[in-house]
Amino acid sequence: MLTAMQNLADLAPDPAAADRTRLEVAVENSSMLKGFTVLEILVGRGHPMTLADLIQATGIPKASLYRTLSLFEEARLVIRESNGRAYAPGPRLASFGLEILRHDSVAAARRTILRRLVSDVAETCNLAMLNKGELIYMDRVEADWPLRLHLPVGSALPAHCSASGKLLLAFKTPGERKQLIESMPLTRFTERTICDRQLLAAELDRIAANGYALDNEEFVLGVACVAVPVRAADGEVVAAVAVHAATARLPLARAIEFVPTLNQAAASIARTFV
């Protein structure tokens with residue numbers, strides 16, 4: 001009888017243990033939310049932040065924040081800039097954000113607009129954004145031509161030799177533009193690639209003045225591209241819409257004639273950025 005009672009006592013819930021479990025869950029949830037807050041602030045600020053900046057913005061104690069950032073850095077959710085003092089969103093976080101943009105209902109609406117654009121111009125068109133000096137394809141609709149450049153969604157291109165990349169650089173603030181130009185490698189891909197930083201800066205000034213950008217066989221010989229900006233409601237350039245094709249089929253001079261049609265598509269896509 002005594003043994004049975006002891007067994008029942010062993011099976012009975014321990015109030016103290018239950019309280020400890022609830023406390024551990026609450027602490028874990030709080031830590032997760034604080035970690036998410038750190039990532040949210042880093043993404044929202046749009047520029048690298050030091051540990052001191054993040055302490056001030058989040059109110060998280062220094063030791064706890066440093067441990068969180070170390071975990072995020074190991075997981076490639078954040079990276080440290082070359083001087084080691086400032087943190088910025090990492091490649092894994094950027095990839096996560098792009099996947100969200102590609103697979104929600106908004107992405108479907110943007111793809112519909114791109115399909116209509118391809119139908120109008122009869123050439124391949126894409127939507128791209130800039131991420132740390134690289135051009136990332138958010139979406140792309142192929143035209144039905146046997147000769148075409150295969151660049152799947154998610155592909156990363158150097159910004160200095162692509163029409164969309166140059167366009168997005170051109171509409172950055174002067175400080176951001178200067179920092180990006182100075183930090184990115186200006187690799188030569190063809191004889192037309194702009195590899196001089198001063199010449200590139202002058203090219204970006206022309207793009208900002210004209211409102212569109214060209215890739216005159218700067219990335220791949222025989223391929224030309226024209227890009228226009230997608231502007232959010234506040235006027236900020238958040239993405240680029242572009243058309244590209246083989247120059248044998250679409251000479252650059254004729255591709256420029258598509259700018260008004262591209263601008264119409266960009267205006268429609270802009271309404272999806274809210």
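Observations on the model:
- PHE189 being closer than 17 Å to ALA159 by Cβ and either touching a helix residue (DSSP H, G or I) at 6+ places or on another chain (Cβ under 7 Å) or crowded, with 23+ Cβ neighbours inside 10 Å (or both): yes
Listed here are the residues, each with its yes/no results for (1) at pLDDT 85 or above; (2) closer than 17 Å to PHE219 by Cβ.
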residue: LEU127; (1), (2): yes, no
residue: LYS132; (1), (2): no, no
residue: TYR137; (1), (2): no, yes
residue: SER162; (1), (2): yes, yes
residue: LEU169; (1), (2): yes, yes
residue: LYS172; (1), (2): yes, no
residue: GLU176; (1), (2): yes, no
residue: GLN179; (1), (2): yes, no
residue: THR190; (1), (2): yes, yes
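- For beta carbons closer than 9 Å, sequence separation of 6+ or different chains, a first residue in the stretch 246-274 that is assigned by TED's automatic domain parsing to the domain that holds VAL226 and a second that is buried (at least 18 other Cβ atoms within 10 Å of the Cβ) and among the aromatic types (Phe, Trp, Tyr), the qualifying pairs are LEU250/PHE258; ILE256/TYR212; VAL259/TYR212; LEU262/TYR212; ASN263/TYR212.
- Members of the stretch 236-256 found to be farther than 21 Å from GLU142 by Cβ, more than 16 Å from the chain's Cα centre (by Cα) and at pLDDT 90 or above, listed by number: ILE256
- Only one of the numbered conditions (1) modelled with pLDDT under 80; (2) not assigned by TED's automatic domain parsing to the domain that holds LEU130 is violated by GLU73, and that is (1).
- Any chance VAL106 is part of a helix (DSSP H, G or I), modelled with pLDDT of 85 or more and β-branched (Val, Ile, Thr): no
- Members of the stretch 204-216 found to be buried (at least 19 other Cβ atoms within 10 Å of the Cβ) and touching a Lys or Arg at 6+ places or on another chain (Cβ under 7 Å), listed by number: LEU204, ILE207, ALA213
- Test: residue in the stretch 34-44 that is over 23 Å from ASN131 (Cβ atoms) and modelled with pLDDT under 85: yes
- Test result for GLU203, over 20 Å from the mean Cα position of the chain (by Cα), in contact (Cβ under 8 Å) with a residue 24 or more places away in the chain and assigned to a loop (DSSP other than H, G, I, E, B): no
- Counted residues, the stretch 231-268 - those being at negative phi and either of a type in the set (Ser, Thr, Tyr) or not in a helix (DSSP H, G or I) (or both): 22
- From the options PHE258, PHE273, PHE219, residue that is farther than 18 Å from LEU114 by Cα and not charged (D, E, K, R): PHE219
- The residues listed here are GLU73, GLU40; of these, the one that is of a type in the set (Asp, Glu), without any contact (Cβ under 8 Å) to a residue 40 or more places away in the chain, closer than 29 Å to GLU236 by Cβ and surrounded by fewer than 14 Cβ atoms within 10 Å (Cβ to Cβ) is GLU40.
The values are calculated or read from the model by the stated rules, or taken from the named source; none is laboratory data. Keep in mind that what you see is a predicted model, and the values were worked out from it rather than measured. Backbone-built Cβ (ideal geometry, glycine too); neighbour counts: all protein chains shown.
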